[in-house]
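Colleague: Got a structure for you, questions after.
Just so it is clear, none of the values below were taken in a lab; they were calculated from the coordinates. Note that this is a predicted model, so its numbers are computed, not measured. Positions of Cβ are backbone-derived with ideal geometry, glycine not excepted, and every protein chain shown enters the neighbour counts.
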Amino acid sequence: MELNDTIKAQLNHRSIRHFKEQALDKKTITTLLEVARQTASSQFFQQFSIIHVTDGAKRKRLAEICNQPPVSQNGELFIFLIDLHRNQQLRKQAGLDDGRLHTMDLYLQGLSDATLAVQNMYVAAESLGLGGVILGSIRNDIAAVSELFDLPEMVIPALGLQIGLPAESSEKKPRLPLDLLVFENKYQSTLPKKALEDYDQEVAAYYLNRQTNARKETFTNQITGSKSALNKHFTKRDEVLEQTHKQGFLWN
Ligand SMILES: Cc1cc2nc3c(=O)[nH]c(=O)nc-3n(C[C@H](O)[C@H](O)[C@H](O)COP(=O)(O)O)c2cc1C
């Protein structure tokens with residue numbers, strides 16, 4: 001099998017967080033949004049929306065929330081929302097109650113719709129030679145983001161996506177080998193020690209040799225380090241269930 005350009009771009013993926021000043025033209029942006037629009041959708045409910053953030057002040061506030069200064073700088077910024085509000089309104093207009101809208105099932109459908117749309121748009125952007133980064137950090141403060149964008153009940157931020165012309169080059173980050181990731185017919189729960197050690201070494205070499213923020217680090221260290229530990233101090237990210245309830249989700 002010959003690799004086509006899209007697969008080559010996918011296999012060459014790396015996050016880009018700094019972008020050139022040059023803006024994307026309108027046609028490129030519209031095409032990328034059309035790709036997001038055409039993404040597969042669970043039960044064809046289309047439970048997501050996108051906000052293109054063009055207001056400098058809003059980007060500045062988002063950068064603070066994300067704790068990532070480049071979010072307020074170059075590149076285009078899109079916020080992908082889980083959106084059950086639209087369908088709630090449609091049911092209301094038909095004189096119906098909210099039906100299954102407040103179930104975990106529909107929330108997860110909205111989350112997968114939004115997430116797939118992000119990835120579809122990301123792949124399309126990378127296939128054009130653009131770079132980008134997914135921003136889970138927009139969920140650092142769900143209440144603040146909801147207020148910033150006037151989100152009504154039954155809408156909640158899922159992920160951000162910043163894309164543009166790359167102003168940095170970065171090394172490809174090695175992923176778990178297929179042997180550790182893919183099983184045939186049944187799950188293998190015994191951890192293959194040697195394969196994990198080899199992978200840790202590969203990750204260590206990546207971190208030691210990368211251009212920015214080079215350090216001693218392995219995959220195992222990341223999983224056993226402070227990032228995965230229970231927080232000693234409560235942060236807004238620990239309030240995600242309360243905030244999700246507040247936006248009207250998951251009541252039954
Ligand atoms: C759901 C999701 C959320 C992410 N959130 C952030 C984020 O908030 N900030 C950031 O700089 N990178 C974020 N990333 C990018 C990851 O850090 C990155 O994909 C990972 O370290 C692997 O590096 P690579 O994409 O360069 O291969 C996110 C990625 C995903 C899939």
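Colleague: With axes computed from alpha carbons, what is the tilt in degrees of helix 104-127 against the longest principal axis of the chain, rounded to the nearest 10 within 0 to 90?
Modeller: So the helix axis and the longest Cα principal axis differ by about 50 degrees.
Colleague: Identify which of F183, F19, F234 has the largest mean-square fluctuation in a Gaussian network model of the chain, with springs joining Cα atoms closer than 10 Å.
Modeller: Highest fluctuation of the listed residues: F183.
Colleague: Size of the dipole of the chain about the Cα centre, Lys and Arg at +1 and Asp and Glu at -1 on the beta carbon, nothing else charged, in debye to 20?
Modeller: Details: 30 positive and 30 negative charges, 78 e Å.
So the dipole magnitude of the chain works out to roughly 380 debye.
Colleague: Sticking with this structure for a sec: Taking only DSSP H segments of four or more residues, each worth -39500 (n - 2.57), what value at 222 nm results for the chain once the sum is divided by all its residues, to the nearest 500 deg cm²/dmol? Intermediate results must be reported in sequence, preceding the final value.
Modeller: Numbers: 10 runs with 104 residues, N = 252.
Mean residue ellipticity, 222 nm, calculated: -12500 deg cm²/dmol.
Colleague: Helix 193-209 versus the longest principal axis of the chain: what angle, 0 to 90°, nearest 10, using Cα atoms?
Modeller: Taking Cα atoms only, the helix is inclined about 90 degrees.
Colleague: Over segment 46-102, what is the mean sequence separation of C-alpha contacts under 8 Å (at least six apart), divided by residue count, expressed as relative contact order in percent? Spell out each step's value before the answer.
Modeller: Details: 54 pairs, mean separation 21.9, N = 57.
Here the relative contact order equals 38 percent.
Colleague: For R175 and A229, what is the calculated FRET efficiency with R₀ set at 22 Å and r taken between the beta-carbons, to the nearest 0.05? The partial results should precede the final answer.
Modeller: Working: r = 23 Å, r/R0 = 1.06.
For R175 and A229, the calculated efficiency is 0.40.
Colleague: Please give the contour-minus-distance gain from Q222 to D105: 0.36 nm per residue of separation, less the Cα-Cα distance, rounded to one decimal in nm.
Modeller: Details: separation 117, 0.36 × 117 = 42.12 nm, distance 3.08 nm.
Gain in length upon complete extension: 39.0 nm.
Colleague: Output the 0 to 90 degree angle, nearest 10, between the alpha-carbon long axis of helix 56-66 and the longest principal axis computed from the alpha carbons of the chain.
Modeller: Roughly 60 degrees between the two axes.
Colleague: Can you work out the FRET efficiency for the pair Q201 and Q43, with r the C-beta to C-beta distance and R0 = 35 Å, to the nearest 0.05?
Modeller: Values: r = 44 Å, r/R0 = 1.27.
Efficiency computed from Cβ-Cβ geometry: 0.20.
Colleague: Sticking with this structure for a sec: Can you divide the C-alpha Rg of segment 5-170 by 2.2 N^0.38 Å and report the result to two decimal places? Intermediate results must be reported in sequence, preceding the final value.
Modeller: Numbers: Rg = 16.4 Å, N = 166, 2.2 N^0.38 = 15.3 Å.
In units of the 2.2 N^0.38 Å rule of thumb, it is 1.07.
Colleague: Using 0.36 nm times the number of residues separating V182 and E64, minus their current alpha carbon distance, what extension gain do you get?
Modeller: Result for the pair: 38.7 nm of gain on full extension.
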